[in-house]
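Colleague: Below is the structure I would like to discuss, written out as structure tokens.
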Amino acid sequence: MNNTKSEIITYASDCYAAIGLDRVLDNLDEPVTAHSANTLHDIALMCEKRRPALVIYVFHENMDLNGVLTHLLEQHTRFPDLRSLVITKKLFPLFSGLSRHLMGLKVASLHLPLSELGWIISAELMRMNCDYQMEPCADIMLPDRHLKILQLLAWSMSTDQVAMLLGISGKTANAHKLNALARLHVQSKSDIADLWIVADELRMVINVLRYSRTQYPVPRTEPVPAGNVYAMIS
């Protein structure tokens with residue numbers, strides 16, 4: 001029997017999410033050592049030091065998603081072999097869509113039974129390539145015009161103000177907005193509020209992904225120094 005413990009870094013949005021995650025980890029067949037991070041910045045520092053087998057994020061309803069998308073992009077650019085699992089109730093389709101473009105990122109719903117979440121974590125620790133992604137999965141590679149409209153709306157501009165700024169009709173601006181929301185599977189008011197929080201970084205992340213496709217068609221094998229992610233599109 002292998003008694004070597006896998007190192008895991010965990011980040012939970014509140015104490016209840018942390019307690020639930022601890023219960024799942026305690027019932028795993030594989031021995032693990034879990035290190036709790038208090039901030040996204042702490043995760044980056046801990047990954048640099050420990051090179052964990054898995055990073056687990058738990059996003060509950062009260063989680064502020066500001067900075068999460070850029071954090072995930074930078075983590076998986078700096079550490080190409082890193083495996084991360086996002087367990088979320090917020091913007092699940094968006095995170096699921098992002099996982100299609102960041103190798104090593106997986107997404108699971110916080111609504112799943114604890115036993116099923118335990119199976120998913122075990123599969124990630126064993127580096128099994130299991131396709132357990134749940135639908136719906138957002139099409140995040142939106143045209144930049146759509147992303148710009150979402151960004152301006154997130155800045156509290158009205159649809160008519162956006163249309164005037166971009167030199168298009170209000171009808172066209174509204175059609176672009178509805179199309180973007182549909183492709184991102186954003187429907188409820190709470191989803192829209194969460195999307196407005198990440199609208200700026202969503203546009204930046206998608207532009208980086210597009211740029212990376214043209215500049216680096218072959219997957220990277222070496223970590224990228226901190227800060228170079230944003231330099232890609234500067």
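The values are calculated or read from the model by the stated rules, or taken from the named source; none is laboratory data. Treat the numbers as computed from the prediction; the structure is a model and nothing was measured. FYI the Cβ positions are ideal-geometry reconstructions off the backbone, even for glycines, and counts take in every protein chain you see.
Colleague: Out of 165, 153, 181, which single residue is in contact with a Phe, Trp or Tyr (Cβ under 9 Å, 6 or more places away or on another chain), farther than 26 Å from residue 82 by Cβ and modelled with pLDDT of 95 or more?
Modeller: 153
Colleague: Oh, and also: Looking only at residues that are within 22 Å of the chain's Cα centre (by Cα) and among the aliphatic types (A, V, I, L, M) in the stretch 20-32, which one is nearest to residue 50 (Cα to Cα)?
Modeller: Step by step, filter the stretch 20-32, then rank; the result is 25.
Colleague: Oh, and also: Within the stretch 97-120, how many residues are more than 11 Å from residue 84 (Cβ to Cβ) and either outside the structural domain of residue 77 (by TED's automatic domain parsing) or not in a helix (DSSP H, G or I) (or both)?
Modeller: Matching residues across the stretch 97-120 total 8.
Colleague: Also, quick follow-up: Go through (1) crowded, with 17+ Cβ neighbours inside 10 Å; (2) in the same structural domain as residue 25 (by TED's automatic domain parsing); (3) not in a helix (DSSP H, G or I) one by one and return the number of the condition residue 138 breaks.
Modeller: (2)
Colleague: Within the stretch 29-37, is there a residue that is part of a loop (DSSP other than H, G, I, E, B), acidic (Asp, Glu), under 21 Å from residue 125 (Cα atoms) and in the same structural domain as residue 121 (by TED's automatic domain parsing)?
Modeller: Yes, the conditions are met somewhere in the stretch 29-37.
Colleague: Please verify whether the stretch 41-48 includes one or more residues that are closer than 24 Å to residue 200 by Cβ and part of a loop (DSSP other than H, G, I, E, B).
Modeller: Checked the stretch 41-48: no residue is closer than 24 Å to residue 200 by Cβ and part of a loop (DSSP other than H, G, I, E, B).
Colleague: In addition: Name the residue that is farthest from residue 211 (Cα to Cα), counting only residues in the stretch 61-78 that are touching a strand residue (DSSP E or B) at 6+ places or on another chain (Cβ under 9 Å) and outside any helix (DSSP H, G or I).
Modeller: 63
Colleague: Within the bounds of the stretch 61-81, is there any residue that is crowded, with 18+ Cβ neighbours inside 10 Å and among the basic types (Lys, Arg)?
Modeller: Looking for residues that are crowded, with 18+ Cβ neighbours inside 10 Å and among the basic types (Lys, Arg), one finds at least one in the stretch 61-81, hence yes.
Colleague: Inside the stretch 48-67, can you point out the residues that are under 15 Å from the mean Cα position of the chain (by Cα), over 25 Å from residue 119 (Cα atoms) and modelled with pLDDT of 90 or more?
Modeller: If the condition is that a residue be under 15 Å from the mean Cα position of the chain (by Cα), over 25 Å from residue 119 (Cα atoms) and modelled with pLDDT of 90 or more, then 65, 66, 67 are the ones that fit.
Colleague: Could you tell me which of the residues 94, 114, 102, 125 is surrounded by 16 or more Cβ atoms within 10 Å (Cβ to Cβ), touching a helix residue (DSSP H, G or I) at 6+ places or on another chain (Cβ under 6 Å) and either in contact (Cβ under 8 Å) with a residue 24 or more places away in the chain or closer than 27 Å to residue 181 by Cα (or both)?
Modeller: 102
Colleague: Kindly provide the set of residues from the stretch 178-214 that are among the basic types (Lys, Arg) and surrounded by 18 or more Cβ atoms within 10 Å (Cβ to Cβ), ordered by number.
Modeller: If the condition is that a residue be among the basic types (Lys, Arg) and surrounded by 18 or more Cβ atoms within 10 Å (Cβ to Cβ), then 203 is the only one that fits.
Colleague: Here is a list of conditions, (1) assigned to a loop (DSSP other than H, G, I, E, B); (2) over 10 Å from the mean Cα position of the chain (by Cα), and residue 9 meets all of them except one; can you say which number that is?
Modeller: (1)
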